[in-house]
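Heads up: the structure comes next, in structure tokens.
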Amino acid sequence: MLTSRETASLILIGAAFLALALVPTIRKQLAPAVGDLIRTGLSRPLVVVYILVVLASSASTTLAWKIGIWDWSLAKDAVIITATVVLPMTFRSLNFKSGRELSQTLIRDTTGLAALLAFYLDSTPLPLVGELIVQPIITVVAILRIVADANPAYAPVRRVCSGILAVIGLSLIIWSMVTLFAGSLDLSGLLKSLLFSFWLPLSLMPFFYVFGFYALTDTIRARFRVIRRPFTPRLMLAFMVGTRLRMGLLTNFNGRYNNVAEASGFRDGLRRMRDFRMDLVRRNREEEARLSALIANVGHGGVDEDGLHIDRREFDVTKKRLNWIWTCQNGQWDRQGGQYWDHLTDIIVDAEKHGLPTNHGFMVETAEAGHVWRAWRETPGGAVLGVGGRERSSMYYYQGDAPPVGWPPESEEWVDAARSQWPPDWNKDDGTCL
């Protein structure tokens, strides 16, 4: 006899198929998308990934069976956790920058979504109406959370979904406690299911790491093929030894180190990879020093002997956004026949995307019927940086302790970026050393 949980699942699946078959609007809108999704999902590279995931999950499940934390009553758990946790984590491993980041994410997901699924699958079923309500919610929210995890821009969505799943999980715990006291819950079976839900994803951490490491390596090999310097077998071996099989080193192996492909052989390749690691160490030290100086100089006004402001918080992002404003002003000049804008500041600055507060403080002003412009911002430390122009492609920089008064190029406070030495704050690179 079917439980209320199984009955609800059959009802929902049947309703979905009936809606797709009987409602023309739904069929017209969903059928092409479903067809495209199926064709994409069954492409050869993805099928290979599916096979690897199934093999890895099967091996982990077999080991769990050998040590006594799995039996055939948990077959459904193995399938669902593989599909909803293991497979998405496999694809997400392509984007991790280090093994530490991978392990932290895996532990978070295992103690969250996987545990909830296991608890739901093996707890006492809710009444039929409750199952018909809870199952669609869990399905939709879990899918949204998986999708949101793949894109940092959707972090708020992921937090909301995690909150909803946490509420559902708490509710299921309360329901299970009620049924436990009523004597209708198999506590040992539930604990075994929870233990297996932790075991399956966590035991596959080496698989996720190897998968992500291989993907990063293949991306680097493709880059060298593009620049017509493909790795020879010996150089590939030197590269692998030089990375020490660390995902963090692979992530930092960017175009700055393309000279590795010029190595004459295995030993030369090892030497160049050693230089790569040493350069990373140096850059990390410089970045630590830069960040320490930023913290130490908070609240220190004025400039040093080189004319550089001491408190340099948000200098890098301020200069980059001012330069972007300059680029957009030149585009406006071309489109509007020699006139600049002063009403698009919020759109052009795009504060939230660049880690700036909503009240970002950027000011864009025009004069002489839009034929001259200036933009400036006061940083948190009190320094004022500005950029401006008059004719097409002209660029003038400003540095001071108060907003500019004059307009470029008449005012001496503005420095012609094409013909004169830049102001000290503009001449210094405040970006990351990494």
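The values are calculated or read from the model by the stated rules, or taken from the named source; none is laboratory data. Not measured: the values here are computed from a predicted model. We place every Cβ from the backbone using ideal geometry, glycine too, and count neighbours over all the protein chains shown. Surface accessibility is based on the protein's heavy atoms, side chains included, excluding ligands, DNA and RNA. Shrake-Rupley method; radii C 1.70, N 1.55, O 1.52, S 1.80 Å.
Below is a table of values for the structure above.
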{"item": "Selected residue (only one of Ala289, Ala293 is open to solvent by less than 50 Å² (accessible area, probe 1.4 Å), under 30 Å from Pro380 (Cβ atoms) and of a type in the set (A, V, I, L, M))", "result": "Ala293"}
{"item": "Extreme residue, surrounded by the most Cβ atoms within 10 Å (Cβ to Cβ), among residues of the stretch 338-395 that are basic (Lys, Arg) and closer than 24 Å to Asn427 by Cα", "result": "Arg374"}
{"item": "Single residue of the stretch 301-311 satisfying the filter (open to solvent by 60 Å² or more (accessible area, probe 1.4 Å) and either touching a residue at least 24 places away in the same chain (Cβ under 8 Å) or of a type in the set (A, V, I, L, M) (or both)) that is farthest from Pro423 (Cα to Cα)", "result": "Val303"}
{"item": "The stretch 70-86: number of residues that are of a type in the set (A, V, I, L, M, F, W, C) and surrounded by 18 or more Cβ atoms within 10 Å (Cβ to Cβ)", "result": "6"}
{"item": "Scan of the stretch 298-327 for residues that are touching a Leu at 6+ places or on another chain (Cβ under 8 Å), among the hydrophobic types (A, V, I, L, M, F, W, C) and more than 20 Å from Tyr396 (Cβ to Cβ), ordered by number", "result": "Val317"}
{"item": "The one condition in (1) farther than 30 Å from Leu87 by Cβ; (2) of a type in the set (Gly, Ala, Ser); (3) free of Cβ contacts under 8 Å to residues at least 12 places away in the same chain that Ala238 fails to fulfil", "result": "(3)"}
{"item": "Qualifying positions in the stretch 321-336 - closer than 19 Å to Gly361 by Cα and either touching a helix residue (DSSP H, G or I) at 6+ places or on another chain (Cβ under 8 Å) or of a type in the set (Asp, Glu) (or both)", "result": "Arg321, Trp324, Ile325, Cys328"}
{"item": "Residue in the stretch 95-114 that is over 15 Å from Ser197 (Cα atoms), over 25 Å from the mean Cα position of the chain (by Cα), surrounded by fewer than 19 Cβ atoms within 10 Å (Cβ to Cβ) and modelled with pLDDT of 75 or more present", "result": "no"}
{"item": "Trp341, sole failed condition from (1) touching a residue at least 40 places away in the same chain (Cβ under 8 Å); (2) among the hydrophobic types (A, V, I, L, M, F, W, C); (3) in a loop (DSSP other than H, G, I, E, B)", "result": "(1)"}
{"item": "Breaking point among (1) free of Cβ contacts under 8 Å to residues at least 24 places away in the same chain; (2) of a type in the set (Gly, Ala, Ser); (3) touching a strand residue (DSSP E or B) at 6+ places or on another chain (Cβ under 7 Å), for Gly389", "result": "(1)"}
{"item": "Tabulated pairs, the stretch 243-263, first within 15 Å of Arg223 (Cβ to Cβ), second among the aromatic types (Phe, Trp, Tyr) and in a helix (DSSP H, G or I), C-beta under 8 angstrom, 6+ apart or interchain", "result": "Leu250/Phe213; Phe253/Phe276; Tyr257/Phe276; Asn258/Phe224; Val260/Phe239; Val260/Phe276; Ala261/Phe224"}
{"item": "Total residues in the stretch 215-268, condition within 27 Å of Pro45 (Cα to Cα), open to solvent by less than 20 Å² (accessible area, probe 1.4 Å), hydrophobic (A, V, I, L, M, F, W, C) and within 29 Å of the chain's Cα centre (by Cα)", "result": "7"}
{"item": "Filter pass, Arg321 being surrounded by fewer than 16 Cβ atoms within 10 Å (Cβ to Cβ) and on the phi < 0 side of the Ramachandran plot", "result": "no"}
{"item": "Test set (1) at negative phi; (2) touching a Lys or Arg at 6+ places or on another chain (Cβ under 9 Å); (3) surrounded by 15 or more Cβ atoms within 10 Å (Cβ to Cβ) - Glu314 fails condition number", "result": "(1)"}
{"item": "Lone unmet requirement of (1) open to solvent by less than 50 Å² (accessible area, probe 1.4 Å); (2) among the polar types (S, T, N, Q); (3) without any contact (Cβ under 8 Å) to a residue 12 or more places away in the chain for Gln329", "result": "(3)"}
